[in-house]
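The values are calculated or read from the model by the stated rules, or taken from the named source; none is laboratory data. Nothing here was measured: the structure is a model prediction, and the numbers come from that model. So basically every Cβ, Gly included, is an ideal-geometry build from the backbone, and we count neighbours across all protein chains shown.
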Amino acid sequence: MSSNTNLTETNRGMFDNGGYLPAITGDIESSQYKHGDQYINQAPADTLSQMKASKRWLVYKLEWVKNKLEPDKIPYYVSGTRRNGTLDSDADIQQLATYEDAKSVVSHYDGLGFALGKDGEGYWQGVDLDEVATNNLSSFANEIGGYVEKSPSGLGCHAIGYGRAFKTLGPNSTGIEVYAERRYFTVTEDAIQHSPLICLADYVETKLAPAHSAFRDPASKTEEIAVPPQTVTELRSALLHMRADDYHQWINMGMALRGLGSTGRGLWLDWSATSEKFDPKEASKKWETFEPHSTSYQAVFAEAQRQGWLNPNSNAARKLEATPKVKQKAPDGFALKSFLEEYTLTKSEADKMLNQKFIVPNLIPQGSINVYPSPPNGGKTSIFTYLSGNMARDGYEVFYINADANLSQLKAQKAKAENSGFIILAPDAKDSVSVAGLLNDLRKLANFNVELSQAVLIFDTMKKFTDMLDKKQVKEFIALLRSLVANGATICLLGHTNKYLDKDGNLIFEGVGDLRADVDNMIYLYSSLASERVREVTTAPDKTRAMFKPISFRIHFGEDGVEVEELQNVLPRLTDELRKTLNVAIAGIKAGNRQQEALVQYCSEETMQGVNKIREQLRMLFEMENAPLIRKRASNGNGYVFNEAGQIEIVHGGNLAFMLQK
């Protein structure tokens, strides 16, 4: 049987630091790919075709996890339920889907997945080579057999085969991972190599396992750098000049200090404790993950100086200290009340806040800059597309500026715009124009003597128009918008939430802290998937200059498109993760697990999460506003119980969550 390799130099080129590698030549049917003396499957079809013929498909979503730099790829069954329970069990395998069924729903998710593990007489096998060029894995990437495709990042590759089981090689700094069970792989279908169905076990055991075992804890290889006490004092001063609640800055400073060993750890933890988000256990665990590749403690000084810090031991600081400080004489007739008058809230300003005109009640106040952060894929585009039609029918001139959608999404949105009377601006989708060009034209508009009180501008998403982590850029962008508001315009900025929740389980907007201070209103959108085709969103007013109340929406994803429903009742503020725990808790209560510890154990086993995390999630679910769970003392005074006594409608036509009370 001859090889069916189909490999282009362009695709292989990603695996070579110095240029394209040649395509694989020769017969890939060497003994390293055989199970004993036989191929597992002699069928002429290639591996990807046989994968597509197997009922082992999933979909996945990108979901942010606290204190992680990148989102996790969380697998879901096509039913909309997060993959759970014992993986590779009969119950799990029964919920795996055909390729066709997975493709039919993948538009509501972030990609396809394929479950590895036992299937018939053999096992589906997977090899993950992460960041091939960075980790010097080009030789493996170029010689491995099986079906090979680019990973979602485009920087690594996945190889899939079929054969006998082998020992799992989990993640470490080598970038090599291999699995033959209890795992799934994302599938991009961006093929690098097609081949017949072959076993990768021998290659894994003879080539990849030795390379993987060569890993050593990077911390043990890091030689601790000794610095004098004065440098430690200066580092502490530099750190305290910066904010510890900026996640990216927090991580970068930790990596910069990692080379100082225990001294750096103490500095970093002390500085971390200045943030309200500080969790000593999480911070300690995060410290152990740092690898100080191309950074050092000097990066702390450089960043602090960029933010205006002056080293107290520098010559410049000494000159400032040596300069005599002469107090100025106060102006004649000075009065503290008059001096601070411009900051004093007046009755008319207070009345304006109370009587603020809303274009959309409790969501879009007229003549203001409003930010609406939500998790990725949280439904903000669906809601604001729906609201754009309503506002246009009410006589407003609505411009939906979409710089964060693909062509098919823009086409669907354009159809809604034509039916409803609002206008789609797509600067990145049209030839010869760009986001930068649009911003320049908006600057010109701000200088025109025109009335904009009927104009509503929606920016989707904000990060496409400015660097959310650059204070200067954000201030300049908000200043531009403020000049448009001065002419009467209403601004809606759709944004993303950060990669983790705060210590109370609340969403955090993505961007510099100055953003919240500079806008008029910030309204979070809490979003959760209620069923396969229904997503629910509840607002949470945060920073406001008008009187807001929470409101809820339900988004229906049907065969004919997306429909948005405004709800009369306010639903609980749930994330996808909390929704899953809530549904599992309800199932546990109905099964008789009403005692708190029994319910915690049940939820932990069903969701595969730690008991401490489950306890925290249950606490959120009975303490939040419009709480879907209510806890009470057991009648014998021994612990707490959860009792079911009523329902709240979550999905049209069905009750998926229940109100628990006395």
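Details
Here's the yes/no breakdown for (1) in contact with a helix residue (DSSP H, G or I) (Cβ under 6 Å, 6 or more places away or on another chain); (2) at pLDDT 85 or above:
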| position | (1), (2) |
| --- | --- |
| ILE586 | no, yes |
| ASN593 | yes, yes |
| GLU605 | no, yes |
| ASN612 | no, no |
| PHE622 | no, yes |
| ARG631 | yes, yes |
| GLY646 | no, no |
| GLY654 | no, no |
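- Pairs meeting the criteria (first residue in region 324-336 and modelled with pLDDT of 80 or more and surrounded by 10 or more Cβ atoms within 10 Å (Cβ to Cβ), second residue not hydroxyl-bearing (Ser, Thr, Tyr) and not in a loop (DSSP other than H, G, I, E, B), beta carbons under 8 Å, at least 6 apart or on different chains) are lacking.
- The set of residues in region 367-404 that are under 20 Å from ALA426 (Cβ atoms), without any contact (Cβ under 8 Å) to a residue 60 or more places away in the chain and touching a Ser or Thr at 6+ places or on another chain (Cβ under 7 Å) comprises GLY389, ALA392.
- Yes/no for ILE423 being at negative phi, surrounded by 15 or more Cβ atoms within 10 Å (Cβ to Cβ) and not assigned by TED's automatic domain parsing to the domain that holds SER107: no
- Verdict on LYS580 being closer than 30 Å to TYR372 by Cα and without any contact (Cβ under 8 Å) to a residue 12 or more places away in the chain: no
- Among the residues of region 141-179, those that are farther than 27 Å from TYR109 by Cβ and more than 31 Å from the chain's Cα centre (by Cα) comprise ASN142, GLU143, ILE144, GLY145, GLY163, ARG164, ALA165, PHE166, LYS167.
- With respect to (1) more than 30 Å from LEU387 (Cα to Cα); (2) touching a residue at least 24 places away in the same chain (Cβ under 8 Å); (3) loosely packed, with under 15 Cβ neighbours inside 10 Å, the lone exception for SER635 is condition (2).
- Set ARG579, ARG573: member being part of a helix (DSSP H, G or I), at pLDDT 85 or above and of a type outside the set (S, T, N, Q): ARG579
- SER54 being in a loop (DSSP other than H, G, I, E, B), among the small types (Gly, Ala, Ser) and either touching a strand residue (DSSP E or B) at 6+ places or on another chain (Cβ under 6 Å) or modelled with pLDDT of 90 or more (or both): yes
- Filter result for LEU525 (among the hydrophobic types (A, V, I, L, M, F, W, C) and within 21 Å of MET462 (Cβ to Cβ)): yes
- If only residues of region 531-567 that are β-branched (Val, Ile, Thr) and either within 21 Å of the chain's Cα centre (by Cα) or surrounded by 19 or more Cβ atoms within 10 Å (Cβ to Cβ) (or both) are counted, the one that is modelled with the lowest pLDDT is VAL562.
- Number of positions in region 466-489 that are outside any helix (DSSP H, G or I) and touching a Leu at 6+ places or on another chain (Cβ under 7 Å): 3
- Within region 154-180, tally of residues that are closer than 28 Å to LYS61 by Cβ and either aromatic (Phe, Trp, Tyr) or surrounded by 17 or more Cβ atoms within 10 Å (Cβ to Cβ) (or both): 16
- Wholly within region 342-453, strands (runs of 3 or more DSSP E) carrying at least 3 residues that are in contact with a strand residue (DSSP E or B) (Cβ under 8 Å, 6 or more places away or on another chain): 369-374, 397-402, 423-425
- If the condition is being surrounded by fewer than 18 Cβ atoms within 10 Å (Cβ to Cβ) and part of a helix (DSSP H, G or I), then region 603-621 contributes GLU605, VAL611, ASN612, LYS613, ARG615, GLU616, ARG619.
- Any chance GLU476 is over 30 Å from ARG306 (Cβ atoms) and without any contact (Cβ under 8 Å) to a residue 24 or more places away in the chain: no
Yes or no, residue by residue, for (1) at pLDDT below 60; (2) assigned to a loop (DSSP other than H, G, I, E, B):
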{"residue": "LYS61", "(1), (2)": "no, no"}
{"residue": "LYS66", "(1), (2)": "yes, yes"}
{"residue": "PRO75", "(1), (2)": "no, no"}
{"residue": "GLY80", "(1), (2)": "no, yes"}
{"residue": "ASN84", "(1), (2)": "no, yes"}
{"residue": "LEU87", "(1), (2)": "no, yes"}
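- Qualifying residues in region 117-144 (those that are closer than 11 Å to ILE176 by Cα, among the aliphatic types (A, V, I, L, M) and assigned to a loop (DSSP other than H, G, I, E, B)) - the one modelled with the lowest pLDDT: VAL132
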